[in-house]
1. Select from Cys290, Ile242, Gly116 the residue farthest towards the positive end of the dipole of the chain; place +1 on Cβ of Lys and Arg, -1 on Cβ of Asp and Glu, and compute about the Cα centre.
2. For the range 264-288, list residues with backbone N below 19 Å from a point placed 7 Å from the Cα of Glu49 toward its Cβ?
3. If you put +1 on each Lys and Arg Cβ and -1 on each Asp and Glu Cβ, how big is the dipole of the range 70-224 around its Cα centre, in Debye rounded to 20?
4. Mind scanning Lys13/Lys146; Lys121/Lys146; Lys22/Lys193 and naming the pairs with a C-alpha gap bigger than 20 Å?
5. Which net charge results when you count Lys and Arg as +1 and Asp and Glu as -1 among the other residues whose beta-carbon is under 13 Å from that of Arg56?
6. Work out the charge dipole of the chain with +1 on the Cβ of Lys and Arg and -1 on the Cβ of Asp and Glu about the Cα centre, then indicate which of Gly53, Thr310, Thr147 is farthest towards its positive end.
7. Over the Cα atoms, compute the radius of gyration (one decimal) and Dmax (the largest Cα-Cα distance, rounded to a whole number) for the range 83-173, in Å.
8. Say R0 is 51 Å: what FRET efficiency, to the nearest 0.05, do Leu4 and Ala160 get from their beta-carbon distance?
Amino acid sequence: MTNLEKKIAEAMKSIARRADVKTYVEQTPAIYQLLQRAAAKYVTGEKREDGLGAGRQLADKGYAISLEYIGENTADFHACEAAALELSLLVHALAERGIPARVSFDLSHIGLSLDGNLAYKNLTALAALARQAGIELFVSMEESAKTDAILAIYERATSAYANIGITLQAQLNRTAQDLNALQPIPGRIRIVKGAYQEPDHLAMPRSSALNERYVQLVEQAIRIGHRVSIATHDESVIDEVIKRGWIHEPGVEFELLYGIRPDLSSRLKKAGYPVRVYLTYGREWYLYLCHRIAEYPPNLFQALLDITSTGQADPVLEYE
Ligand code: FAD
């Protein structure tokens, strides 16, 4: 990244943390609608039907699917319950339509910001429903201040429900230890680099050292016997995983975000590797958009183009 790109990335990450900016965007229809045009590159739409429709099309093209109902840091009890209800309706809809998707979410969307027990209650209720439908749930990983709480709820819930997986962030210095502690739990592990800005003493920035650590974590997870989702768009990491033959291990797959590098997803699928696309829907797309620009600042220019363009591209069409 150039210095300017680094500054844009930092600015986007701090804008993402500003609740006042988020509220302003959400309450100003003209700005909301403009930014929504940029978000459409990465988010299927605001409604469940948007996620299901795009998911169906990608499943028909031969991709495995994850679907997230976006939202985090929900601090109102009724909004947490509404999010849990929406996720249960999503599980029902996937089962009814026979779309083989995994359902992903943040625990802070279903109660963690208020009370860990509320998140646990909602997670286990969803896990029971998903188990009946043969669907796997996936817990996302949030800022490091929440890592202990998320892992504790995950471990507690998986003692009764094996159909839940967990995301771990390679950027955090603690992750190799966390991975070892998860050894007895059968759930799938998704390894990501990490989207949040973290203090230097807790995390490693994007670098070749981080890529090496990522690859080591993949090896560690496979050796322990986990099924692993290699969730990155970094071709050097992906190439290393292919070179070492790990992608042929049982339960190992690549997982990429919807709208990001569809060419790479298409190429990996054509080469015969298992590829999953991670789709999102919902009204809380604002933070998600900030993260996607922060990770790759040239996306800011793309966002400006999308805002000013008269048509709207359909990212699904970019997947072959
Ligand atoms: P980077 O080093 O960030 O990027 C490598 C290359 O990939 C870039 O040079 C660029 O070519 C391409 N690229 C990366 N991002 C973009 C982009 N936005 N637009 C265009 N090109 C891009 N993070 C969490 O903290 N918690 C989670 O629970 C979580 N869940 C995730 C689930 C999935 C399936 C995926 C794929 C990511 C998830 N993330 C999560 C985000 C993740 O932490 C990274 O922020 C994100 O994947 C970008 O990092 P990267 O591994 O692609 O590598």
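The values are calculated or read from the model by the stated rules, or taken from the named source; none is laboratory data. This is a predicted model, so every value here is computed, not measured. Here the Cβ positions follow ideal geometry from the backbone for every residue, glycine too, while neighbour counts run over all protein chains shown. All accessible areas refer to the heavy atoms of the entire protein, side chains included, with ligands and DNA or RNA removed. Shrake-Rupley method; radii C 1.70, N 1.55, O 1.52, S 1.80 Å.
1. The one lying farthest along the dipole's positive direction is Ile242.
2. Under cut-off, by backbone N: 280-284.
3. Numbers: 13 positive and 17 negative charges, 111 e Å.
Roughly 540 debye for the range 70-224.
4. Details: Lys13/Lys146 17 Å; Lys121/Lys146 18 Å; Lys22/Lys193 25 Å.
Correct reply: Lys22/Lys193.
5. On the way: positive: Arg48, Lys61, Arg97; negative: Glu49, Asp50, Asp60, Glu96.
Net charge around Arg56: -1.
6. Highest projection toward the positive end goes to Gly53.
7. For the range 83-173, the Cα radius of gyration and maximum Cα-Cα distance read 12.8, 42 Å.
8. Numbers: r = 50 Å, r/R0 = 0.98.
Once rounded, the FRET efficiency stands at 0.55.
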